[in-house]
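See structure below.
The values are calculated or read from the model by the stated rules, or taken from the named source; none is laboratory data. What you see is a predicted model; the values in this text were computed from it and never measured. Don't worry about glycine lacking a Cβ; one is built from the backbone with ideal geometry, like all the others, and counts go over all protein chains shown.
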Ligand code: ADP
Ligand code: ASP
Ligand code: MG
């Protein structure tokens, strides 16, 4: 039997009506002759509520119990989806992660897949079941504890199942009808793309476009999964939504394909650190150990900068998510207390946001950075930090200008027009 994976996100299973609506889409694929693996998220808002409860109960919580609580939202929707399908005379059953068993690492809150054995589910399909409903976002560690995959992780569950079961396609049903040039909530000029390359989607996701979890795109790219994003609210058919695929399949040739943003960024500057070999390692080692996700890094070039010291000094600036600032400060202060680093002061700016332009066309076109900086200058937006890679340019700016920056860059690169 050909097999499809269909994933329904939180708003697509937000209440019993929405679950029924989603189940009808599943039934339609079964009627077309497919066996279906359905991956469900928790009902909209549920995971946030569970995360809140954990934090209120225990601020420095045990990550294993966090996962036990936070994974439960998906168990409810998996059971309800199986019941709804049964009511429609579609033979279905639900599976929690440990029942498959979905084997993951024991990195609680951010676990990764190790293996998805097919035997149990294949046996059910062989018995005549048409649909396996899987609770997304969860698995089981080698120690036998429940794990979760990080926020947005049901996307990754879906792609991992599509890879493990050789699915014809992995359809991600959500509350938008595809992947847009940027988040359509920020500008009404955002344009839906018919196709986008794995590389570009990977950049957009890792730079903040939460329409797909980054890890899901990585897995789809590695295992050549045909990945599609489409609306669970509209009528859909074979050609709906946006296909994430190899570059070669794409005709559109715009230099910049999309914009992503990340709202909660912070900029930290260590003022006056020694300019000597090993200083970066001495700073970023403790930050890594403390689990701080350092993103952009800038070190001033300062060969002749002494500032009254005997040896040359420099400043080191980096960015990280706002909610990791306290951890970063603590790690740096501890390193300073042991004398492994010295600095005059630590400046912390928690009002930053990151805006990025992404496009594989940048590999062969010059001038994208200049155009980006000009567009921001015309709006009077100051750039705090710049970072580039082969197919993206990111800038850190004041958070209050983030929407304006996205809108003006969308105009500057004429993204509302097809290329
Ligand atoms: P789900 O609950 O279905 O997983 P998410 O909220 O995780 O849905 O992801 C869908 C949301 O992603 C959309 O509502 C949209 O606001 C946001 N989004 C961000 N960037 C983009 C983009 N480039 N294209 C489409 N949606 C985007
Ligand atoms: N329910 C989880 C979350 O909100 C996983 C997901 O929906 O993908 O992050
Ligand atoms: Mg999501």
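With respect to the stated conditions, residue 37 is touching a residue at least 60 places away in the same chain (Cβ under 8 Å), more than 16 Å from ligand 1 (Cβ to nearest atom) and not in a loop (DSSP other than H, G, I, E, B). Tallying residues that are surrounded by fewer than 19 Cβ atoms within 10 Å (Cβ to Cβ), over 21 Å from the mean Cα position of the chain (by Cα) and closer than 18 Å to residue 358 by Cα within region 376-406 yields 3.
So is residue 137 touching a helix residue (DSSP H, G or I) at 6+ places or on another chain (Cβ under 6 Å), modelled with pLDDT of 95 or more and either crowded, with 17+ Cβ neighbours inside 10 Å or more than 18 Å from residue 14 (Cβ to Cβ) (or both) or not?
On the way: touching a helix residue (DSSP H, G or I) at 6+ places or on another chain (Cβ under 6 Å): yes; modelled with pLDDT of 95 or more: yes; either crowded, with 17+ Cβ neighbours inside 10 Å or more than 18 Å from residue 14 (Cβ to Cβ) (or both): yes.
It is true that residue 137 is touching a helix residue (DSSP H, G or I) at 6+ places or on another chain (Cβ under 6 Å), modelled with pLDDT of 95 or more and either crowded, with 17+ Cβ neighbours inside 10 Å or more than 18 Å from residue 14 (Cβ to Cβ) (or both).
Using the structure shown, decide if residue 258 is within 16 Å of the chain's Cα centre (by Cα), within 16 Å of ligand 1 (Cβ to nearest atom) and surrounded by fewer than 23 Cβ atoms within 10 Å (Cβ to Cβ). In short, no. In region 261-298, of all residues being crowded, with 21+ Cβ neighbours inside 10 Å, within 28 Å of the chain's Cα centre (by Cα) and farther than 16 Å from residue 387 by Cα, the one that is nearest to ligand 3 (Cβ to nearest atom) corresponds to 292.
What about residue 102, is it out of contact with any helix residue (DSSP H, G or I) (no Cβ under 6 Å at 6 or more places or on another chain) and within 20 Å of residue 42 (Cα to Cα)?
yes
Number of residues in region 1-23 that are in contact (Cβ under 8 Å) with a residue 40 or more places away in the chain, within 19 Å of the chain's Cα centre (by Cα) and either within 19 Å of residue 71 (Cα to Cα) or more than 15 Å from ligand 3 (Cβ to nearest atom) (or both) equals 5. Each residue in region 1-23 was checked for being assigned to a helix (DSSP H, G or I), within 12 Å of ligand 1 (Cβ to nearest atom) and surrounded by 19 or more Cβ atoms within 10 Å (Cβ to Cβ), and 5 of them qualify.
Okay, residues lined up against (1) touching a strand residue (DSSP E or B) at 6+ places or on another chain (Cβ under 6 Å); (2) closer than 30 Å to residue 194 by Cβ; (3) in contact (Cβ under 8 Å) with a residue 40 or more places away in the chain:
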{"site": "316", "(1), (2), (3)": "yes, no, yes"}
{"site": "323", "(1), (2), (3)": "no, no, yes"}
{"site": "339", "(1), (2), (3)": "no, no, no"}
{"site": "344", "(1), (2), (3)": "yes, no, yes"}
{"site": "359", "(1), (2), (3)": "no, yes, yes"}
{"site": "388", "(1), (2), (3)": "no, yes, no"}
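Give me the residue from region 161-213 that is within 15 Å of ligand 3 (Cβ to nearest atom) and in a helix (DSSP H, G or I) and, out of that set, surrounded by the most Cβ atoms within 10 Å (Cβ to Cβ). Among those that are within 15 Å of ligand 3 (Cβ to nearest atom) and in a helix (DSSP H, G or I), it is 201.
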